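Chemist: Please find one structure pasted underneath; my questions will follow.
The values are calculated or read from the model by the stated rules, or taken from the named source; none is laboratory data. Since we're looking at a predicted model, the values are computed, not measured. Because the Cβ atoms are built from the backbone with ideal geometry, glycine has one as well, and the counts that use them run over all protein chains shown. Just the protein is used for accessible areas: all its heavy atoms, side chains included, with ligands, DNA and RNA removed. Shrake-Rupley method; radii C 1.70, N 1.55, O 1.52, S 1.80 Å.
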Amino acid sequence: MGARGQRTQQRILDAALEVFGEEGFHRCSIDRITTVAGCSRVSFYQYFASKEDVFRVLTGVVARQLAAAHEALKPVTPDAAGWAAVRSLVGRYGDVYQRYEPVFRTFAAAAEGDEVLTVGSARTTERRVAGLRARLADTDLPAKQLDATLELLLECMTQTHYVAAALRAAAPGSYPRERVEDAFADVVHRTLFGLRPTVNVHLTVSDPPPMIPFAPEFLQALRDEDTPPALTAAGRRTLDGLLEAGRTVFVRRGYHATRVDDVVTEAGVSHGAFYRYFRNKDHLAVVLAVRAMRTASGAFTDLPPEALAGGEEGAAALRRWLRRYNSTTAAETVMVRLLADARIQDAQHGSESAGAYDWGRRRMARLLAGRGFGDPETEALVMVAVVGAFGEKERPTATVHAAAHIIERGLFGLA
């Protein structure tokens, strides 16, 4: 390929990245990509077979850049040099995330049914975990627990950037990258080596972030949940069927690609039945996100105080709670994320999902404030990311222990 061909190919990739970010994976079309790229469909097909092919190329670019970031990682040790190595990796990861955020946000939708992406992602994760393990020194984590902990920390790094982006969209100027990345590096280093006040504790350096209120439609949905409409048994079955069908279709297809037609087909009801309960798909998404938040918050408030008190009883209580939380929220928390994904580009409605994230962040900040060290306001964002990443899918026992370890040592500094 000559220089001109390389420029055309890169222009198509840049255009696809833009369109994936604006419209999601399913709604993105080749026509839209070629329009943004300023080229013809003929030119597109000279370089790519499909939009799926374009996305695979973009994920390959991301994988190579993340691999380069891991290859540059210096030894991760318990001292200040080890913290600096972690912080440098987190910063490089943040650069890749910022440049290719649409790839991260739409990956789950693109990977559905795409074995190439699924297998490639698993191999990339294995290599990243192996690279971290090879540079890690002197941790007292048992070998059988180490890989699960490192893998979950990598998931949490992505989720931390995701949540921070959603909050920044609703409160511009808040959650600066440097502060968020310092906090995440502290949590990682404490997870691996324990609390070291002169190494992995960074104090709050600015005022607390502003509270992000819920949007009016979100508040109305919360009120409606408190006062459900009086329905006949048949009406209740129809409504419950629509809610279940809506959650299924949103998770399967993503927010943008979901249509009311898809929901009523899944539920086996008429369009008239749908519009009896919901104004449009947006209204359905908000109701589902409110229910998900209620479920997650109920599970979170079930966290027993002794779970964060340390000791054998506390450790056992935390793990029991994590298992309950995972079984309760695995099918629910995806909805909050899907709504956030839809709203990041929409300033008018951005506070709907961001308000939910900030609600959780403020609750967790109150918990972390009792530690007496660090930056509880920002590390609460990290805790939202940890709990969110853990709760998005059903987890094996090894990941339950990994999540408990991150919460105990990384966030609460327990021995």
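Chemist: Quick one: plug the Kirkwood hydrodynamic radius of region 31-172 (C-alpha pairs) into Stokes-Einstein at 37 °C, 0.692 mPa s, and report D in µm²/s.
Modeler: Reported coefficient: 192 µm²/s.
Chemist: Of the accessible area of the chain, with the probe set at 1.4 angstrom, what percent is carbon plus sulfur?
Modeler: Summing carbon and sulfur atoms, their accessible area is 53 percent of the total for the chain.
Chemist: Suppose every Lys and Arg Cβ carries +1 and every Asp and Glu Cβ carries -1, with no other charges. What dipole size does the chain come out with about its Cα centre, to the nearest 20 debye?
Modeler: 460
Chemist: Considering only protein heavy atoms, what per residue accessible area in square angstrom results for region 95-229 with a 1.4 angstrom probe?
Modeler: Result: 48 Å² per residue.
Chemist: Okay, moving on. Taking region 92-161 as the region of interest, what is the percent of Cα-Cα pairs per 10 angstrom bin, listed from the shortest bin to the one with the maximum distance?
Modeler: Going out from 0 Å in 10 Å bins, region 92-161 shows 17, 45, 30, 8, 0 percent.
Chemist: Please find, in a Gaussian network model of the chain (springs between Cα atoms separated by less than 10 Å), the residue of Leu231, Leu150, Leu66 whose mean-square fluctuation is greatest.
Modeler: Evaluated over the chain, the most mobile residue of the options is Leu231.
Chemist: To continue, here is another question. Let me know the Kirkwood hydrodynamic radius for region 166-292, please, with Cα pairs as the basis and the value in Å to one decimal.
Modeler: Hydrodynamic radius (Kirkwood, Cα pairs) of region 166-292 is 18.1 Å.
Chemist: Taking amide H positions as placed in the peptide plane 1.01 Å from N, state which residues far from Val76 in sequence (5 or more) or on other chains have amide H under 5 Å from it.
Modeler: Leu136, Ala137
Chemist: Using θ = phi - 60° and the Karplus relation 6.51 cos²θ - 1.76 cosθ + 1.60, list the HN-Hα couplings for region 406-415 in order, rounded to whole Hz, with x at every Gly or Pro.
Modeler: Once rounded to whole Hz, the list reads 4, 5, 5, 8, x, 9, 9, x, 6, 6.
Chemist: Averaging over every viewing direction, what projected area does the convex hull of the Cα atoms of region 229-330 cover, in nm²?
Modeler: Over all viewing directions, region 229-330 projects a mean Cα-hull area of 8.0 nm².
Chemist: So, counting K/R as plus one and D/E as minus one, what does the shell of residues with Cβ under 15 Å around Tyr175 add up to?
Modeler: Result for the neighbourhood of Tyr175: -4.
Chemist: Put +1 on the Cβ of each Lys and Arg and -1 on the Cβ of each Asp and Glu in region 106-205; which of Ala109, Pro172, Ala148 then has its Cα farthest toward the positive end of the dipole?
Modeler: Pro172
Chemist: Please report the Cα spread of the chain along all three principal axes, rounded to whole Å, starting with the longest.
Modeler: Cα extents, longest axis first: 67, 60, 40 Å.
Chemist: Then there's this: I need the phi-derived Karplus couplings for region 307-323: 6.51 cos²θ - 1.76 cosθ + 1.60, θ = phi - 60°, integer Hz, Gly and Pro marked x.
Modeler: With the stated coefficients, region 307-323 comes to 5, 10, 9, x, x, 5, 5, x, 4, 5, 5, 5, 5, 5, 5, 4, 5 Hz.
Chemist: If you wrap region 33-108's Cα atoms in a convex hull and average its projection over all directions, what's the area in nm²?
Modeler: 6.3
Chemist: Looking only at Cα atoms, what is the convex hull volume of region 132-224 per residue, in Å³?
Modeler: 148
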